[in-house]
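The structure under discussion appears below in the form of structure tokens.
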Amino acid sequence: KGQEMWGGRFSAQPDEVMQAINASIGVDQRLAEEDVAGSIAHANMLAAQEIITEADRDAILGGLDKIIEEIRAGEFKFSVALEDIHMNIEARLKELIGEPAGRLHTARSRNDQVATDFRLWVKSSCTARLDQIESLMKALLKQADAHADWVMPGFTHLQTAQPVTVGHHLMAYVEMFSRDFSRFADAIHRMDECPLGAAALAGTGFETNRYITAEALGFSHPMANSLDAVSARDFAIESLSSIAICAQHLSRLAEEIVIWSSAPFSFVRLSDAWSTGSSIMPQKRNPDAAELVRAKTGRANGSLISMLTIMKGLPLAYSKDMQDDKQIVFEAFDSLDLSLQAMTGMIDSITFNKANLATAAAGGFSTATDLADWLVRELNIPFREAHHITGASVKAAEDKGVQLWDLSLEELQAIEPRITKQIFDVLSVDASVASRQSYGGTAPVRVREQIALWKERLL
Ligand code: ARG
């Protein structure tokens, strides 16, 4: 059947394995809508330029209409012998309308056709992910707003460092996802040019008008170089890199959910809708969705590396290697789709345990830095020396099995005689977070300012 398309040159049928390795219809049938849209734009342009007659154009458009109906209804018979979506549709068009079908491929090649279809698909998929990232940001913002002044331990090395607010922590992710948003938006902007009309690689001798097709397909202009138009896949690579980076942010948040929801931490509880049980241990509430979001990052990274490796070293213009791009890209977009939805669902319905967070925030001598800062500010002691005095105070508390604020003034003065009872004003967790009012700091006043700004942008 495939030989019908170029039968003139061939006398024997392809080997079965040849067909199996060559056919892409199992994957690229997902480009059916884009392929038909491209053909409609092309047929209209050919008629406007008087390259085909209006009657032929009408026949072609009528046939394409029927085909898209068949595809949507699941009635279209995809054939492996016809290799890919482009030839499947063209062959069906011929069955439906006869001779005019053969005129559609004038001044066009599957090389510019697939580049156009794929670009359209990636562009609209990036746009869909933009909306999903925004939904996740809104969910995080809502939780940050509700917990703007709840305290929790801030960690470095996963060791208690300084207390922070839950709102501050969640808003950190809003910032990260906003950069992911802008990465996708940038990628969309750069891929917004149309390869159609580049033909096989060199352009065409027909008097086409590539501005007409570019505009009809929603691109801002045609690609300027026909060789580049059929060879470029950096739009796919760029979106895979945006996916990988976004997946990485999702994975870090997922990891925190896994840690926070564990029994020893018990900072949060995932809702029933986002937890799973154990088949043997009745007490278990497993964060499976968070773990799978974390896992999908590995595949997102793999997709990016696969695509970079496939494209590396391909001479201009088209090489069949490029056919293998679609499966990778489809799967990466699908995974991110699921991950973003799952994370939004988890965040939306997660509950925070105020008491456990506060207890943990107070543990680990988390306000030791506040003690050191007080020594610097009030006694003009150099920070390095203050650090040393504080270390000795922490050791004294630890030896006694108490918190810093449980030490008596006398005990503190035994370490540094100039310490006064004012020290106790800065040792509490609430005082600690309230004091960190530098721009971007964890103090509830600063966090609420950021929340207000993001509410204006997002809501
Ligand atoms: N199925 C092909 C692909 O996805 C379409 C382009 C084929 N072009 C060619 N010169 N064989 O890349």
field: Contour excess over end-to-end distance, with Cα ends at E99 and K455 and 0.36 nm allotted per residue
entry: 122.3 nm
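Once every DSSP H run of n ≥ 4 in the chain is given -39500 (n - 2.57) and the sum is divided by its residues, what mean residue ellipticity at 222 nm do you get, rounded to the nearest 500 deg cm²/dmol?
It lands at -20000 deg cm²/dmol.
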query: Helix hunt in the chain: which complete DSSP H runs extend at least 30 Å axially by C-alpha with mean Kyte-Doolittle at least -0.5?
result: 110-146, 166-190, 234-260, 288-311, 325-349
task: Please tell me the relative contact order of segment 291-383 in percent, rounded to the nearest whole number, where contacts are Cα pairs under 8 Å and at least six residues apart.
output: 25
message: What would the Debye equation give as log₁₀ I(q)/I(0) for segment 1-100 at q = 0.22 Å⁻¹, counting only Cα atoms as equal point scatterers?
response: -1.15
statement: Here the net charge surrounding F330, from other residues whose Cβ is less than 10 Å away from its Cβ (Lys, Arg +1; Asp, Glu -1), is -2
message: Within segment 303-321, list the residues whose amide N lies under 15 Å from a label point set 7 Å along Cα→Cβ of E331.
response: 303-310
- prompt: Hey, rough spin-label estimate for D192 and K320, points 7 angstrom out along Cα→Cβ, what's it come to in nanometres?
  reply: 3.7
task: Hand me the trypsin sites (Lys or Arg not before Pro) from segment 282-351 located in a DSSP loop with no more than 13 other Cβ atoms within 10 Å, in residue order please.
output: K284, K312
message: Counting heavy atoms of the protein chains only and a 1.4 Å probe, report the per residue accessible area for segment 129-271 as a whole number of Å².
response: 40
task: Can you tell me how much longer the chain between S262 and D65 gets when fully stretched, taken as 0.36 nm per residue apart minus their C-alpha distance, in nm with one decimal?
output: 65.4 nm
message: Just to be sure I follow the definition: excluding the sites themselves, where is the longest run in the chain that has none of the GluC sites (Glu not before Pro) in a DSSP loop with at most 12 other Cβ atoms within 10 Å?
response: 208-459
field: A55 versus S182: modelled label distance in nm, points set 7 Å from Cα along the beta carbon direction
entry: 5.8
Normalised contact order of the chain, rounded percent, pairs of Cα under 8 Å and 6 or more residues apart: 17
- request: Please give the net charge around H189, taking every other residue with its beta carbon less than 14 angstrom from that of H189, where Lys and Arg add +1 and Asp and Glu add -1.
  value: -1
message: Could you compute the longest span of the chain free of chymotrypsin sites (Phe, Trp or Tyr not before Pro) located in DSSP loops and having at most 11 other Cβ atoms within 10 Å, not counting the site residues?
response: 11-438
task: Using DSSP to define loop residues, name the trypsin sites (Lys or Arg not before Pro) in segment 69-135 whose beta-carbon has at most 11 other beta-carbon atoms within 10 Å.
output: K77
- prompt: If you add up the charges near D370, with Lys and Arg at +1 and Asp and Glu at -1, over every other residue whose beta carbon is less than 14 angstrom from its beta carbon, what do you get?
  reply: -2
query: Of all the accessible heavy-atom surface of the chain, with the other protein chains kept in place and a 1.4 Å probe, what percent is carbon and sulfur?
result: 53
query: When ligands, DNA and RNA are left out and all protein chains stay put, how many square angstrom of accessible area per residue does segment 4-67 have with a 1.4 Å probe?
result: 56
task: Excluding residues on the same chain fewer than 8 positions from K326, give the lysines whose Cα lies under 17 Å from its Cα.
output: K123, K312
message: Give me the one-decimal nm value for the distance between modelled label points at N209 and N22, 7 Å along each residue's Cα-to-Cβ direction.
response: 3.8
message: What figure, in Å² to the nearest 10, do you get for the accessible area of M281 with a 1.4 Å probe and non-protein molecules left out?
response: 80
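The values are calculated or read from the model by the stated rules, or taken from the named source; none is laboratory data. From a predicted model like this one, the values you see are computed outputs, not experimental measurements. Positions of Cβ are backbone-derived with ideal geometry, glycine not excepted, and every protein chain shown enters the neighbour counts. Calculation scope for accessible area: heavy atoms of the full protein, side chains included, ligands and nucleic acids excluded. Shrake-Rupley method; radii C 1.70, N 1.55, O 1.52, S 1.80 Å.
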